[in-house]
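*Asks:* One structure is given below, represented as structure tokens, and several questions about it will come after.
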Amino acid sequence: MRRLGFIVNPIAGMGGRVGLKGTDGVVDEARAAGADPVAPTRARAFAETILALSRGDPSLSIRWLTAAGPMGMEPLGAAGVDEERCEIINRPPEPTTAEDTRRAVEACIDRGAELVLFCGGDGTARDVAESARDRAPILGIPAGVKMYSAVFAVSPQAAAELTLAYLRGRLRIGSAEILDLDEDAYRRGEWRIALVGTAKTLVEPTLVQAGKLQVAEVTEESTREELADHFRELFAAEPDTLFFLGPGSTIASIATVLGLEKTLLGIDAVLGGRTVAKDVDERSLLRLLDQHPKAKLVVSPIGAQGFLLGRGNPEASPDVLRRIGTRNVIAVATPAKLAMTPVLRVDTGDAALDEEFRRREYLFVLIGYRTSKLHPIQR
Amino acid sequence: MANRDPTSWMRAEYESLVAQSLDWKLRVLQGPSAPRSIVDGKTVIMLCSNNYLNLSNHPKVKRAAREAIKTHGAGSGSVRPIAGNMDLHEELERRIARFKRREAALFYMSGFAGNAGLISQLAGDGDAILTDELNHGSIIDGVRLTKAQRIIYRHRDVGDLERALKEADVSAKKILVVSDGVFSMDGDIAPVGEIAKLSESFGAMVYIDDAHGEGVLGDGGRGVASHFHVEEKIQVELGTFSKALGVVGGYVAGSNDLRNYALNKSRTWLLSGSHPPAVTAACTAAIDVLETEPRHVKKLWSNTKYFKKRLVSLGFDIGRSETPITPVMLGDSATAKRFSDRLFEEGVFALPIVYPMVAKDKARIRNIVNAGLKRQDLDDALAAYEKIGKELSVIA
Ligand SMILES: Cc1ncc(COP(=O)(O)O)c(C=O)c1O
């Protein structure tokens, strides 16, 4: 019997229909504007697909850890999931809140959920990630307005397929970024997506051809080791180049292998293999560039959309990028991540600078020790 | 650390492969690899050997092996650079060079040993290697042994190769472009003509692994470089005797400089015992047969055309194949496995290629047509395909 958490944010996705960028804090406004909830139908579609695809396979017997009412039991029941297979972990009063989501996640992990499925958007993903705290992987059934985080399946059906693939041992656990709209900035009229954290999620194993009829799996760890070897050599070969290490889980985990304590969400500066500044803002970046004109910026595509520059790392402002030089931007990704990123996006807020990248059409992405691949940039 | 267990990890790893159905289950060939072979006690039409021309059963090739044992014994006694360099090896290399219309050739233990041992010596720190994303594993291993910058370009994508060449041009000292000639999963051919011309304009060295093109493509089976008429623009051709030539062993063909460099630098060549007389002489005889009996290559192609045409008219999708490697696309893995099992029951031996070897929706059966197959063999195989195709609702 496999124990899975199942948590629905019943109001997710309502804002989108009425032109709001999210439902956070504006439910009444959305309701008044005539928005219908999206999440219940998505959650139900997910459960129906799971039932249809796992029928007749006793090794896939699932015990659902979920909340009573619209946060779980209702959509499961509507899909035809037997009540005996469900364990009610809490009974939140309606209307439900983000706090109920957090409590439900805590409760189902405490009761042994090995994977937490949630239905919602970026706001929900953030709540779920913050309460899961890497104790269990999470997987999003898409139902939100914003879905920049890299923990969402492309559809409820795909979420069901991924879940079953995971139960059959075909997927691995990797980490992914959680992005969300900066709500305060948004209320001031600014549209800014910020990297707010990371979470464990399900990833396809990366397979390399190891012979003509044989493939071998490369683990995320071994890729990271390889990338770390690459940077170790690079740092040693260019002792007087200042390396700015950008945000995100890929770069943070490479840094960890190198014994550097890297801030997850910010930019750190490394010289000669040593961290010389952490979580630098734009001003300090510019000051460091005054002292060390020779600099390179290491960035990784972030979130589900593959933003290389401009989302999640506002410190690397157009001024900073110009000073560093667009040729000195090193893009890095694990092969698994690159496979999930159809195009790289650049949105620095400076049209001329964006154009300088986009004109190149393709960018080298480092995917292993001294190994790179050209990857398209979105026009 | 006294409770360290030296071996239990092997079983754990193996069991995890079994759990994911990624382990190999070996079938046993009882007798020769032939158009009709006995596999696990059952006589089947062989559609998955690489013995394209059926030369492994050619009387001249077998006789040469027997004779060489009589005159030279069973083994060579040493590595080539010390005391294992026999006249048979030198003779074979002259024959390879003549056949490939090259200055020189060097015989390796296998194609794998050639790729791993030579590519690793052709580029180093400061150089760049540009490699097709679907290149054979032995190329990947050779590339991984170097300190060169490795750029992986999209499968058969000349535009991507050109972009990569332009990028490499900025900083690399030497540039090496490596590609399979024929890709063994889909049977598609690399755009070797364009690769050669493009590389020439950047002063890059071109290395083509023609394991599946030799004995199949080009003038008299001389391979993919001959097929595109670009022999002079390709500096290294790697070949193998383990496929169309019906024996075993690899070689590289090119200039005298290449041979001199390769034999002094390739560790897989320097540090591994040389081929036994029987193998070496059989390889020479196989080249002899290719040069003097053009009918085998012709038969391979007429069989291929017939088999493919009939499969298509039955309603099967044969993918992008341009060679005797003929995939039958079946979509999901379960169907491909089931199809292959049923084929075996019906007396046809063809392997399923399933996820994760190919994408999830690209599972297929890979057939390799053979010159030794009679029309009746092909018709029997096609009848099995038709029957099972209908049974599994793959065709109407
Ligand atoms: C493209 C390619 N290169 C190299 C090899 C290795 O050749 P050999 O069997 O001689 O080691 C093979 C065959 O397995 C191959 O398909």
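*Asks:* In square angstrom and rounded to 100, what buried accessible area do you get between chains B and A, total over both, with the probe at 1.4 Å?
*Replies:* 2700 Å²
*Asks:* Let me ask you something else. Put simply, what bits of region B:146-183 lose 20 Å² or more of accessible area when the other protein chains are there, versus the chain on its own (1.4 Å probe)?
*Replies:* B:Lys147, B:Gln149, B:Arg150, B:Ile151, B:Ile152, B:Arg154, B:Asp160, B:Arg163, B:Glu167
*Asks:* Determine the per residue accessible area of chain B with all protein chains present and a 1.4 angstrom probe, expressed in square angstrom.
*Replies:* Here the per-residue accessible area is 42 Å².
*Asks:* Over the alpha carbons of region B:59-292, what is the largest minus smallest coordinate on each principal axis, giving the biggest first in Å?
*Replies:* Its Cα atoms span 57, 35, 29 Å along the three principal axes.
*Asks:* How large a share of the accessible area of region A:2-204, in percent, is made up of carbon and sulfur atoms when the probe is 1.4 Å and the other protein chains stay in place?
*Replies:* Of all accessible area on region A:2-204, carbon and sulfur atoms account for 46 percent.
*Asks:* Which whole number gives the average count of other chain Cβ atoms within 10 Å of the Cβ atoms across peptide B:353-364?
*Replies:* That average works out to 2.
*Asks:* Which whole number gives the average, over all residues in A:363-371, of C-beta atoms from other chains lying within 10 Å of the residue C-beta?
*Replies:* 4
*Asks:* Right, another one. Name the shape class, rounded, prolate or oblate, that the alpha-carbon gyration tensor gives for region A:257-353, where a ≥ b ≥ c are the square roots of its eigenvalues, rounded holds for a/c under 1.5, and otherwise prolate holds if a/b is larger than b/c and oblate otherwise.
*Replies:* Oblate, because a/c is 1.5 or more while a/b does not exceed b/c.
*Asks:* Whole-Hz Karplus ³J(HN,Hα) for region A:358-374, in order, using 6.51 cos²θ - 1.76 cosθ + 1.60 and θ = phi - 60°, x for Gly and Pro?
*Replies:* 5, 4, 6, 6, 10, 10, 5, 10, 6, 10, x, 4, 6, 10, 9, 9, 7
*Asks:* Another question about this same structure. Using a ≥ b ≥ c from the Cα gyration tensor of chain B (square roots of the eigenvalues), is it rounded, prolate or oblate, where a/c under 1.5 gives rounded and otherwise the larger of a/b and b/c decides, a/b for prolate?
*Replies:* Since a/c stays below 1.5, the shape of chain B is classed as rounded.
*Asks:* Rounded to the nearest whole Å², what accessible area per residue is found for chain A with the 1.4 Å probe?
*Replies:* 41 Å²
*Asks:* Still on this structure, please answer the following. Just order A:234-242, B:378-386, A:124-132 by mean Cβ neighbour count inside 10 Å, highest at the front, would you?
*Replies:* A:124-132, B:378-386, A:234-242
*Asks:* A further question follows. Looking at this model, which pairs from B:Lys309/B:Lys390; A:Lys200/B:Lys362; A:Lys296/B:Lys173; B:Lys308/B:Lys360; B:Lys233/B:Lys298 are more than 20 angstrom apart at the alpha-carbon?
*Replies:* Listed pairs above 20 Å: A:Lys200/B:Lys362; A:Lys296/B:Lys173; B:Lys308/B:Lys360; B:Lys233/B:Lys298.
*Asks:* Which number do you get for Rg(Cα) / (2.2 N^0.38 Å) in the protein assembly as shown?
*Replies:* 1.08
*Asks:* Based on alpha-carbon centroids, what's the gap between region B:167-229 and region B:262-340 in Å, whole number please?
*Replies:* Cα centroid of region B:167-229 versus Cα centroid of region B:262-340: 18 Å apart.
*Asks:* Counting other Cβ atoms within 10 Å, keep those with at most 16, restrict to DSSP loop, and tell me which trypsin sites (Lys or Arg not before Pro) in region B:52-120 are left.
*Replies:* Here the sparse-neighbourhood loop sites are B:Arg101.
*Asks:* Taking each residue of B:132-139 in turn, how many C-beta atoms of other protein chains fall within 10 Å of its C-beta, and what is the average?
*Replies:* 3
*Asks:* Considering only protein heavy atoms and a probe of 1.4 Å, how much of the accessible area of region B:126-242 is carbon and sulfur, as a whole percent?
*Replies:* Percent of accessible area from carbon and sulfur atoms in region B:126-242: 50.
The values are calculated or read from the model by the stated rules, or taken from the named source; none is laboratory data. Nothing here was measured: the structure is a model prediction, and the numbers come from that model. For neighbour counting, all protein chains shown are included, and Cβ atoms are generated from backbone atoms with ideal geometry for every residue, glycine included. Just the protein is used for accessible areas: all its heavy atoms, side chains included, with ligands, DNA and RNA removed. Shrake-Rupley method; radii C 1.70, N 1.55, O 1.52, S 1.80 Å.
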